[in-house]
Every structure is written in structure tokens, then in C-alpha cells.
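Taking it in order: structure first as C-alpha cells, then the write-up.
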Amino acid sequence: MPQVRLRLKLWLEEQITSEKYPGLSWINEEKRVFRIPWKHGARHGWDIDKDASLFKNWAIHTGKFKPDVDRPDPKTWKANFRCALNSLSDIVELRDHSVKRGNNAFRVYEMLPSGEIPPKRKRK
């Protein structure tokens with residue numbers, strides 16, 4: 001029987017709860033606010049197995065990456081994950097809480113209750 005592919009929101013909730021990714025955690029579980037490590041690939045000390053594992057596992061889950069067949073491409077995994085996350089109307093980035101630079105860079109997001117749609121974002 002084939003494995004059921006979870007949608008990103010449910011898959012991400014499972015990953016946060018599993019605590020298997022360092023830095024991926026609830027900031028406030030009750031309010032559904034969480035953080036994702038977002039270290040830049042060009043940073044000194046960047047490690048594909050540590051810093052790209054969440055993005056890699058999403059690529060495997062979606063069938064975009066087959067470990068025994070495809071060449072590792074962490075830049076694409078991260079971009080695809082970011083695009084998938086940004087496409088969800090019920091997950092919004094709390095940009096004022098995110099840290100974009102440095103070895104401990106991370107992004108903070110909030111999972112909105114089902115049916116609650118945030119106001120449209122203004123483009124820069």
C-alpha cells in the first residue's frame with residue numbers, strides 16, 4: 001500500500017512535534033507559532049546533513065528527490081520548501097520575529113486556524 005502524502009501543514013506539524021530537527025520548534029504551541037532554522041548555504045560551517053535535512057525530507061516526501069537516484073541539491077530543496085510554505089494562506093511569516101543573518105538564522109511562522117485567511121500582503 002503506498003504511503004499517503006501529507007499536505008505541508010500537517011507534515012510540518014509532525015516534524016515540529018517529532019523534535020528530530022535541531023532548531024525546528026514551537027515558540028508558542030497554543031498560538032501555533034513556530035521557528036524554522038534558515039541558515040544561508042554560503043555561511044561558514046553550513047552542513048547539508050544538519051542545515052538542509054528538513055528541506056531534504058520535504059523533497060523526499062513530495063517525490064522531488066530520490067536519494068539513491070538524484071544528486072543532492074539543497075538550494076532547490078530549500079527554494080521549493082519556501083515556495084510551498086509561502087503558497088499556504090493559513091501559514092504566515094512573522095517577519096518582525098525572524099532573524100535573517102548569522103549562524104543561528106531562523107524564520108518564525110504562525111499557523112492560522114482553518115478557515116482564517118490573513119489580509120493580503122503588500123508587495124514591495
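None of the figures in this text is laboratory data; all of them are computed from the coordinates on show. Everything quoted here is computed from the prediction, not taken from an experiment. Every residue, glycine among them, receives a Cβ derived from its backbone with ideal geometry; neighbour counts consider all protein chains shown.
Think of segment 8-111 as a dipole: +1 on every Lys or Arg Cβ, -1 on every Asp or Glu Cβ, centred on the Cα centre; then among SER98, HIS61, VAL33, SER98 lies furthest on the positive end.
As an equivalent ellipsoid, segment 2-101 spans semi-axes of 21, 18, 13 angstrom, where each value is the square root of five times an eigenvalue of the C-alpha gyration tensor, largest first.
Scanning the chain for GluC sites (Glu not before Pro) lying in DSSP loops with no more than 16 further Cβ atoms inside 10 Å, the longest uninterrupted stretch between such sites is 31-115. The count of lysine pairs in segment 8-111 that are at least 8 places apart or cross chains, and whose C-alpha atoms lie under 18 Å apart, stands at 27.
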